[in-house]
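Bear in mind that the values in this text are calculations on the coordinates, not laboratory data. Just so it is clear, the model here is predicted, and its values are computed rather than measured. Counting neighbours? That spans all protein chains shown, and the Cβs are built from the backbone with ideal geometry, glycine included.
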Amino acid sequence: MKRVTLLGCFIAALALSSVFAGAAQAKKVETGPMRLRSLGGASHLGSSQGTIESTSNKGHGLYENETSGTADSAFFNVEATALHAKCQSGAEPGTVRTKKLVERNVWINKAGGEAGVVFEAGEPPFLAEFECGGIGVKVEGSVIGRISPLNTMAGNSKLNLEGSGFHNEPATDETDGATKHVLESEFSVAPGTKFESIQAQPNVEVKVLKKGAPCKKEETAKEKCKEGKGEINGSGLTNVAKLPALGRCGVAKKSLGNYTNESCTVKAGTEHTGGFEWTPAT
């Protein structure tokens, strides 16, 4: 009898722990805006007038709704290769910081599941202004970066700005096909002349920060960020334009959710009968 009693208690304890585990999982789904931190390696700004290289970059993003937000980036060890001169936008030699940018989620190819982000000036016309060896540089226009993966709750995603020659690709998107996204650079030695430019910035890791808290000791060797989880959902769940959406998919309380799978892409047959719910960045 003792053995049966102990076994029964053990099974009951397991069942109880699984209930608490499910409840804890549900509580982990956060709400509110989503704060992001980006980390990248070597990148460059190239035009027919030369190449400006950087060894690493870091940035911030803030989405206060699920389809658009603001961002900024800092590039380190920046140098105009032909001049062998350091570049800077402020008092820090070798460091170039963008101005405040606006970012918008778009479809590059919806049927193929290719999503992107358009970056443009928050205060037009310039995305960045800096100087290299006494030569002033102004960058304007807009650019599309590819984002992946879709429909996966994770702590990070990937952003890629790419292209060939002196222009980024793709230059258009399905969301606003009439607009061509092109970067142009103007140099103080040739005022009024704009040169098409490419911002090559591959494999940027974009992290979701837990509870929207900023990283501590940013841009130092001791930088610490508390990572949360988020998702780029390709279903256009709640936004009218059916754009790729930034938010969180989690276990619904008492299984009163609208979705039946953990990526929130399959609608429940009847409203509020699924085990998962989508919470947009708001």
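Please name whichever of 102, 188, 177 sits farthest to the positive end of the charge dipole of region 34-212, dipole taken about the Cα centre and charges placed at Cβ: Lys and Arg +1, Asp and Glu -1.
Farthest towards the positive end: 102.
Would you please put 253-266, 96-109 in order of how densely packed they are, using the mean number of other Cβ atoms within 10 angstrom per residue and starting with the highest?
Final packing ranking: 96-109, 253-266.
Taking R0 as 22 Å, what FRET efficiency do you get between residue 158 and residue 55 from their Cβ-Cβ distance, rounded to the nearest 0.05? Intermediate results must be reported in sequence, preceding the final value.
Values: r = 19 Å, r/R0 = 0.88.
The formula returns an efficiency of 0.70 here.
Taking only Cα atoms and a 10 Å spring cutoff, compute GNM fluctuations for the chain and point out the largest among 194, 217, 229.
217
May I ask for the distance between the Cα centers of region 151-227 and region 39-68, given as a whole number of Å?
4 Å
Would you work out the charge dipole size for the chain about its Cα centre, treating the Cβ of every Lys and Arg as +1 and the Cβ of every Asp and Glu as -1, and quote it to the nearest 20 debye?
Dipole size: approximately 1840 debye.
Per DSSP H run of n ≥ 4, the term is -39500 (n - 2.57); total these for the chain, divide by its residue number, and report the mean residue ellipticity at 222 nm rounded to 500 deg cm²/dmol.
The helix contribution divided over the chain gives -3500 deg cm²/dmol.
Please name whichever of 127, 87, 225 sits farthest to the positive end of the charge dipole of the chain, dipole taken about the Cα centre and charges placed at Cβ: Lys and Arg +1, Asp and Glu -1.
225
What are the residues whose amide H is under 5 Å from the amide H of residue 152, where those residues sit 5 or more places off or on another chain and H is modelled from the backbone?
Amide H neighbours of residue 152, under 5 Å, 5+ apart: 232.
Multiply the residue gap between residue 240 and residue 222 by 0.36 nm, knock off their C-alpha separation, and tell me the result in nm, one decimal place.
Extra length available between residue 240 and residue 222 comes to 2.3 nm.
What pairs in 58/211; 138/210; 222/253; 110/222; 86/226; 58/138 have C-alpha atoms more than 30 Å from each other? Intermediate results must be reported in sequence, preceding the final value.
Working: 58/211 20 Å; 138/210 35 Å; 222/253 38 Å; 110/222 40 Å; 86/226 33 Å; 58/138 20 Å.
From 58/211; 138/210; 222/253; 110/222; 86/226; 58/138, over 30 Å: 138/210; 222/253; 110/222; 86/226.
What's the angle, to the nearest 10 degrees (0 to 90), between helix 2-27's Cα axis and the longest principal axis of the chain?
30 degrees
How big is the charge dipole of region 121-231 about its Cα centre, in debye rounded to the nearest 20, if each Lys and Arg gets +1 on its Cβ and each Asp and Glu gets -1 on its Cβ?
For region 121-231, the charge dipole is close to 840 debye.
Could you rank the peptides 73-83, 137-147 by their average count of other C-beta atoms within 10 Å per residue, with the highest value first?
Numbers: 73-83: 18.9, 137-147: 21.4.
Final packing ranking: 137-147, 73-83.
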